[in-house]
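The structure appears below as structure tokens.
The values are calculated or read from the model by the stated rules, or taken from the named source; none is laboratory data. What you see is a predicted model; the values in this text were computed from it and never measured. A quick note on method: Cβ atoms are made from the backbone with ideal geometry, for glycine too, and the neighbour counts reach across all protein chains shown.
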Amino acid sequence: MTKFTVNNQPVEYLLDPETPLLWALRDASNLTGTKYGCGTGECGACIVDIDGAAVPSCRVSIAACEGRFVTTIEGLSRDRSHPVQQVFAALNVSQCGYCIPGMVMAAAVLLKRTPAPTDADIDAAITNICRCGIYPRLREAIRRAGR
Ligand code: FES
């Protein structure tokens with residue numbers, strides 16, 4: 001049994017310890033806001049916050065999460081939208097929307113550490129892939145959310 005914390009709730013998974021966190025979240029916990037894109041750690045659709053770091057959940061086993069604190073898009077903000085989500089909505093950052101949860105999680109982690117990021121900071125931290133090409137709006141939203 002693997003035990004850790006997801007969105008401030010204790011979880012116990014009776015799954016193969018090598019199960020990727022992404023599939024435990026989606027299939028066992030029904031937290032389907034975390035998306036599957038590539039499965040190889042490249043696209044960023046599956047990014048969650050693990051102990052304050054933006055991590056592709058497709059590349060982390062549940063065994064590696066033992067005793068750690070995981071936050072998904074569903075747990076990012078308790079009562080209302082997180083500032084990043086508010087600015088993303090205000091600027092219509094989303095196009096098809098599939099990559100947005102991972103983008104929001106990566107942006108939230110970045111802004112926790114760097115509240116006023118430069119474009120270079122944003123480009124270094126947000127390596128998520130978006131086939132719609134929302135990158136200019138994404139940079140603007142992250143700059144505004146940090147203000
Ligand atoms: Fe995890 Fe693409 S699905 S990085």
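For this structure, a couple of remarks:
- Only a single criterion out of (1) away from the ligand (no atom under 12 Å from the Cβ); (2) over 8 Å from the mean Cα position of the chain (by Cα); (3) of a type in the set (Ser, Thr, Tyr) is not satisfied by Ser57, namely (1).
- Against the test of being under 26 Å from Arg137 (Cβ atoms) and either within 16 Å of the chain's Cα centre (by Cα) or not small (Gly, Ala, Ser) (or both), the options Cys43, Cys65 yield a single qualifying residue, Cys43.
- Some residue of the range 94-106 being more than 16 Å from the ligand (Cβ to nearest atom) and out of contact with any Asp or Glu (no Cβ under 8 Å at 6 or more places or on another chain): yes
- Number of the exception - His82 against (1) at pLDDT 95 or above; (2) away from the ligand (no atom under 16 Å from the Cβ): (1)
- Some residue of the range 11-26 being at positive phi and either modelled with pLDDT of 95 or more or exposed (fewer than 14 other Cβ atoms within 10 Å of the Cβ) (or both): no
- Restricting the range 87-111 to residues that are more than 18 Å from Arg144 (Cα to Cα) and without any contact (Cβ under 8 Å) to a residue 40 or more places away in the chain, the residue that is nearest to the chain's Cα centre (by Cα) is Gly97.
- Matching residues, the range 51-101, being in contact with a Gly (Cβ under 8 Å, 6 or more places away or on another chain) and of a type in the set (Lys, Arg): Arg59
- Residues of the range 45-54 that are under 20 Å from Gln9 (Cα atoms) and within 6 Å of the ligand (Cβ to nearest atom): Cys46 alone.
- Answer from Glu42, Glu18, Glu74 - the residue that is farther than 17 Å from Ala125 by Cα, within 16 Å of the ligand (Cβ to nearest atom) and acidic (Asp, Glu): Glu18
- All positions within the range 24-36 that are touching a residue at least 24 places away in the same chain (Cβ under 8 Å) and in a helix (DSSP H, G or I): Ala24, Leu25
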